[in-house]
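Engineer: Before we start, here is the structure in question, set down as structure tokens.
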Amino acid sequence: MSSPLSFRSNIAWTLLGQVFNVVSQFLIVVIIARVSDVEALGLYGILSAIVGPIQLFMMFDLGKLVVANDRFENIFGSYHIVIIVSCILVPIVSMIVCFAIYHDVSMLPAMASFSLYRALVNYREFCFSIYQKFERLDLMAMSTIYLSVGTIIIFGLSYFFFQNIAISFFSISSYFLIGFILFELPKLKKFLLSESKLLHFEGSQVLEVLQKGLKLGATAFINGIKSNAPRYIIEFAIQNRSLLGVYTGFLQFSNTLNTLNQAMSKSSIGRLSNLHVVDLVKFKRFLNKMIISVILIGMAVTLIVVLFGVFITRLSFDNPEFSENNSIFVLIILARAIAMPIVYLRNAQTILGIYSSQLFYILSSMVFFVILCYMLIPIFDHLGVLYALAISEFMVLVLSYVSVRRELTNN
């Protein structure tokens, strides 16, 4: 096993991989919007909104648990069993929920293929957690690059010829699965102890993994519900699939901001975990440094969108429905910018072992979000939802920071 890379090298590699990933996801949106129409993009948006929270829950945040666990090699097989079973359950649960909501069998093929793809994204992130643990994010970046390039090519060709979401996402899922079997699993073996097994079932270990994972998964599920709340309201209350398509397009743009944040987060969690063991003072300094950095980045990107948002969307979509709704773009970016530091605080909470507080804060913010929606929608229409989202994200940020600071003070 090779030695860890420097922190700067890890960020550089992760940022490169994330750029390829976000470009591939953005091009999916552009391809759907240009080959079909905004309503087709709206369908993609509601599929994402239904699968997203389920996917997050079924992930159980196993990646963070692997990184934070000093003896993970001994129970890696149990982690692996849990993630494989969860990947099987994601499409099943998603289709059940979709049918329960719409009572429309015609939506199930698209839901099945899309949820299978998102389940395999969970598996990809689980594999990548090993590279994060050992601070070898160059390997994660290279895997992300070949998966992203393949995604662009396969989705572009299949959607151009068939104009069918089900066929296109099933094609990507097949490509992911083949890539994992041929490339990822052999690489993972090099990071494990010789006696470790990729597949190993032991009841007590699985229960230990689930006990921690269910709390983190529940937190991620509630956070996913809150993040997708504007989509639910647009789809079910406002009942405007075209507006949902516009919102989905802007949301994908916000992943550009998320690219840098994810690169820094994935690069930092291994370092945070190691510093927590050897030097708590350096742990605090490093965490504060990351939080301040992403706050400044979020402010800068929000300002760019305020000034140039209309030009950016005209260049990308060439559709007046996007340029006429730039205020949606600004508010989505603002909410994402506020949420950026929360990622690092949650990483710290996981390392410090304070899982329950995450769920409590998210639930509290959900109640606050609903109250704000009730107050702001009559005044600002659909923009009221986005104002409520930004304010509730700020609430979670403050509560999470207080939680981590209190725990570190006690230590």
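Engineer: Which of the residues spanning segment 331-353 are more than 20 Å from the chain's Cα centre (by Cα) and open to solvent by 30 Å² or more (accessible area, probe 1.4 Å)?
Structural biologist: Residue satisfying the conditions is G353 alone.
Engineer: Grab the helices (runs of 4 or more DSSP H) fully contained in segment 19-136, keeping just those with 3 or more residues being open to solvent by 10 Å² or more (accessible area, probe 1.4 Å) and touching a Lys or Arg at 6+ places or on another chain (Cβ under 8 Å).
Structural biologist: Once the helices (runs of 4 or more DSSP H) in segment 19-136 are filtered for at least 3 residues that are open to solvent by 10 Å² or more (accessible area, probe 1.4 Å) and touching a Lys or Arg at 6+ places or on another chain (Cβ under 8 Å), what remains is 38-59.
Engineer: Among the residues of segment 162-194, how many are touching a residue at least 40 places away in the same chain (Cβ under 8 Å), among the aromatic types (F, W, Y) and open to solvent by less than 100 Å² (accessible area, probe 1.4 Å)?
Structural biologist: Counting residues in segment 162-194 that are touching a residue at least 40 places away in the same chain (Cβ under 8 Å), among the aromatic types (F, W, Y) and open to solvent by less than 100 Å² (accessible area, probe 1.4 Å) gives 4.
Engineer: Within segment 190-197, is even one residue touching a helix residue (DSSP H, G or I) at 6+ places or on another chain (Cβ under 8 Å), charged (D, E, K, R) and at pLDDT below 80?
Structural biologist: yes
Engineer: I would also like to ask the following. Please determine, by comparing only the residues of segment 261-301 that are among the polar types (S, T, N, Q) and surrounded by fewer than 20 Cβ atoms within 10 Å (Cβ to Cβ), which one is modelled with the lowest pLDDT.
Structural biologist: Residue satisfying both the conditions and the ranking: Q262.
Engineer: Continuing with this model, one more query. Could you go through segment 81-93 and let me know if any residue there is touching a residue at least 40 places away in the same chain (Cβ under 8 Å) and more than 30 Å from V19 (Cα to Cα).
Structural biologist: Scanning segment 81-93, I find at least one residue that is touching a residue at least 40 places away in the same chain (Cβ under 8 Å) and more than 30 Å from V19 (Cα to Cα), so the answer is yes.
Engineer: For segment 371-384, which residues satisfy the criterion of being among the aliphatic types (A, V, I, L, M) and open to solvent by 90 Å² or more (accessible area, probe 1.4 Å)?
Structural biologist: M375, I379
Engineer: Can you tell me which residue among R336, R285, R314 is of a type in the set (D, E, K, R) and either in contact (Cβ under 8 Å) with a residue 24 or more places away in the chain or not in a helix (DSSP H, G or I) (or both)?
Structural biologist: R336
The values are calculated or read from the model by the stated rules, or taken from the named source; none is laboratory data. Quantities reported herein were computed from a predicted structural model and do not represent experimental measurements. Counting neighbours? That spans all protein chains shown, and the Cβs are built from the backbone with ideal geometry, glycine included. Each accessible area value is taken on the protein alone, full model and side chains, heavy atoms only, with ligands, DNA and RNA left out. Shrake-Rupley method; radii C 1.70, N 1.55, O 1.52, S 1.80 Å.
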